[in-house]
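Read the structure below first, then the notes.
The values are calculated or read from the model by the stated rules, or taken from the named source; none is laboratory data. In this text, all values refer to a predicted model and were calculated from it rather than measured experimentally. Glycine gets a Cβ as well: all are built from the backbone with ideal geometry, and neighbour counts include every protein chain shown. The protein model used for the area step is the full one, side chains on, heavy atoms only, and it has no ligands, DNA or RNA in it. Shrake-Rupley method; radii C 1.70, N 1.55, O 1.52, S 1.80 Å.
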Amino acid sequence: MTAQAPSDAPAASPGRIVLLTTSHRVAPGLLSWSAWQTLHAADRVLCADPGHPQLPYLGEAGITVERSAPEAGELVDACAGGRTVVVVPSGEGDQLLTDGLARLAGSGRVQMPDLELLPASYDLPGARLLDLVQVMDRIRAECPWSSTQTHRGLAKYGIEEAYELVEAIEDGDRDELREELGDVLLQVVFHARIAQDDPDEPFSIDDVAATIVEKLIHRHPHVFGDDTAETPEEVKEHWLRTKAIEKQRSSVTEGIPLGQPGLALAAKLASRARTAGMEMALPVGEGIGYELLAMAVRAESQGTDPETALRAAARVYRDAIRAAEAAWEADR
């Protein structure tokens, strides 16, 4: 009589499948420690993409990578006996493989290996900006319209996008705000890409970012240095003091763009004079312009942005006009 194996004998381990994902926004080879440990300990490492950017670095680390694209059933069989198989998917992912594994797992007829998704590298905050730079670079090179644009030609769009951003803020529409911020960001990246082509004084988006980073650090000594600031007013004093040292201006009016809206211009001039401690009498003249100037200066001294205040009042006026139009139409 043939002896029967005990019914409680341990079943053979089905093994383990590890899908090792990486971010194309992180330099190849910069993998997490857990990823390197898993790769070194694996029985097999598979990658179907011969041009995968991680392959040279895996080779340098002594990891043998098989250029193989097994089907789901073959991959399950490869894990028999408790073996660990690591799959390095392509940048687009291996949809056929993952769908096949999902079907096998859902069938209930196959003893599935342990399935693990192991992110080997993560996107850092701001990583999607790399995508924007890459897309802009291609558009600049291949789009007939974008490839001929200049700083001057795009200037009007910068103004338009800034106003649309302000409108989204005033409307309180979060979706619009996100979109308009993107449009403003596009202007920055577009101009930086154009500047990169300048034959005499080129600069790139990295130079733009480096400049603003240096400025922010220098003007926030209470954050990056030993100074202290407990109130918004003290922060503003730090900012203005460091800015004055940087610019070495001969007049407080230097750097104020005269092309901005009139109320904003008047308020900015008044702010500069007041901050400098200048007791300035307003110019005397006839007409609504001088009256508006006086109102703008008074608003600024009271902590009110006259441009924003007028825009808010104008929006109420617009709503009143629409209500009157609706009532008029209803009475017709």
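Applying D = kT/(6 pi eta Rh) to the stretch 69-123, where Rh is the Kirkwood radius over alpha-carbon pairs, T corresponds to 25 °C and eta to 0.890 mPa s, the Stokes-Einstein value obtained is 201 µm²/s. Counting lysine pairs in the chain whose alpha carbons fall under 20 angstrom apart, excluding pairs fewer than 8 residues apart on the same chain, gives 7.
Shape descriptor for the chain: Rg over Rh equals 1.17 (Cα atoms; Rh from the Kirkwood inverse mean 1/r). In whole percents, the pair-distance distribution calculated for the stretch 117-214 from its alpha-carbon pairs, binned every 5 Å from zero, is 2, 11, 17, 20, 20, 14, 8, 4, 2, 0.
Highest GNM mean-square fluctuation among Leu154, Leu104, Leu177, for the chain modelled with Cα contacts below 10 Å: Leu104. Think of it as helices only: each DSSP H run of n ≥ 4 in the chain is worth -39500 (n - 2.57), and spread over all residues that comes to -17500 deg cm²/dmol at 222 nm. If the segment from Val223 to Asp319 were pulled out straight at 0.36 nm per residue, it would be longer than the present Cα-Cα gap by 30.2 nm. When Trp36, Trp145, Trp328, Trp239 are compared by accessible surface with a 1.4 Å probe, the order from highest to lowest is Trp328, Trp145, Trp239, Trp36.
Computed from Cα positions, the angle between helix 174-196 and the longest principal axis of the chain comes to roughly 90 degrees.
Solvent-accessible area of Phe203, all protein chains in place: 90 Å² (probe radius 1.4 Å, heavy atoms, ligands and nucleic acids excluded). At an R0 of 51 angstrom, the distance between the Cβ atoms of Met280 and Arg25 translates into a FRET efficiency of 0.45. Work out the P(r) tail for the stretch 161-306: percent of alpha carbon pairs separated by more than 21 Å, whole number. In whole percent, the share of Cα-Cα pairs in the stretch 161-306 beyond 21 Å is 65.
Taking label positions 7 Å along the Cα-Cβ direction at both Ser32 and Asp206, the computed distance is 2.8 nm, reported to one decimal.
Sorting 281-288, 228-235 by their mean Cβ neighbour count within 10 Å, with the most densely packed peptide first, gives 228-235, 281-288. Distance between the modelled labels on Leu115 and Ser250, one decimal in nanometres: 7.3 nm (7 Å Cα→Cβ projection). On a 0 to 90 degree scale, rounded to 10, what angle separates helix 306-331 from the longest Cα axis of the chain? Around 90 degrees separate the two axes.
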